[in-house]
Amino acid sequence: MSNRQTIPEHGPFRADQLRDGDRYELSNGHPVYCAPSGRDHAGPNATGAALLDSDPDVEWTGVDAGYSPDPGTLRAPDVSVAGLSGAPGGDGGWIPEAPPLALEYAARGQNEADLRTKIADLLAHGTRLVWVVRLIGPRRVEVHAPGEPMQTLGIGEQLLAPGILRNPVPVTALFDRAAAQDMILRNLLQRRGYADLDAVHEAGREEGREEGREEGREEGREEGREEGLADAILTLLSARGLTVDDATRARLRSTRDPERLRAWLVAAAQADTPAGLFDA
């Protein structure tokens, strides 16, 4: 979460007076300025969004999505996981309920008073978990839940969000891009019916065994792995709301280089267009 100014207790504004793109949130009717993110903040933010969005049970994830559970409140967590009823519809506007899970990255210059107020606003309006990822000092994540004392988890521990996320999130994966990519790959394979990459390999071996020849085993093993990676890329692009054209789909399906497919999988988490992932 970027620097935010200290605000008075009460304010006269409503969420419907703010427009998409305005750099303000509202707390108790008063505007809270949100500065642009610096490099140290923006990179982990993108990684965390891709990781949470890939979980097999997640229907919708937003970056800086605006939630307005009452007229005087508008909060935009760095990353948020919304239930299906809270996902934005076709009529635009702010999301009218708080997200079940909110993720905030606290970087250099973080205003701690404003952060505490934001956490309190979210929890008071129905958010079940707020994870604060501390980018300064020891790598740790603070877990906030209504009516419970804050918990702090460090490297080697896992974050749980029952009823929101299917899979635990290693604390390391919210800091380390490579660790996050491993979790994203696992999650996307689960969306396609594979438990993990080993299951993709086993499917390939099984296909090869049915052929009854060593050549068939090797071919099945390779095709199963490559098909799983291609499926993972297509799933991630679709989850991010990007429409995949036939040419892009055909190129992914026909590629037999697993290292290239892995690079494209990483690029798919941030590419502006499906064709843009091929620049990786």
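Read the figures in this text as sums done on the coordinates, not as results from a lab. This structure is a prediction, so every number in the text was calculated from the model and none was measured. Note that we place each Cβ from the backbone using ideal geometry, even for glycine, and neighbour counts take in every protein chain shown.
With θ taken as phi - 60° and the Karplus curve 6.51 cos²θ - 1.76 cosθ + 1.60 applied, the whole-hertz 3J(HN,Hα) list for the range 61-77 is 10, x, 10, 6, 6, x, 10, 10, x, 8, x, x, 10, 9, 10, 10, x Hz, x standing for glycine and proline.
Annotation for the range 51-77 versus the range 179-195: alpha-carbon center distance of 22 Å.
Between E104 and W131, V132, V133, the built amide H atoms are under 5 Å apart, and every one of these is 5 or more places off in sequence or on another chain.
Using the Cβ of V81 as centre and a radius below 9 Å, the other residues enclosed give a net charge of -3, where K and R count +1 and D and E count -1. A simple count of charges around G62, restricted to other residues whose Cβ falls under 12 Å of its Cβ and scoring Lys, Arg +1 and Asp, Glu -1, yields -2.
Note on S254/D279: beta-carbon distance plugged into 1/(1 + (r/R0)^6) with R0 of 25 Å gives a FRET efficiency of 0.85.
Between the beta carbons of D182 and R19, assuming R0 = 41 Å, the FRET efficiency works out to 0.55 to the nearest 0.05. Note on E97 and S238: with the Förster distance fixed at 22 Å, the Cβ-Cβ geometry gives a FRET efficiency of about 0.35. Tell me which residues come under 5 Å, amide H to amide H, from Y24 once H is placed; ignore anything under 5 positions away on its chain. Correct list: C34. Electrostatic tally near L160: other residues with Cβ closer than 15 Å to its Cβ, Lys and Arg +1, Asp and Glu -1, net -3.
For the peptides 16-29, 164-177, 120-133, 240-253, residues were scored by their other Cβ atoms within 10 Å and the scores averaged per peptide; the highest-first order is 120-133, 164-177, 16-29, 240-253.
In this structure, the amide hydrogen of E97, modeled 1.01 Å from its nitrogen in the peptide plane, lies closer than 5 angstrom to those of S68, counting only residues at least 5 positions away or on a different chain.
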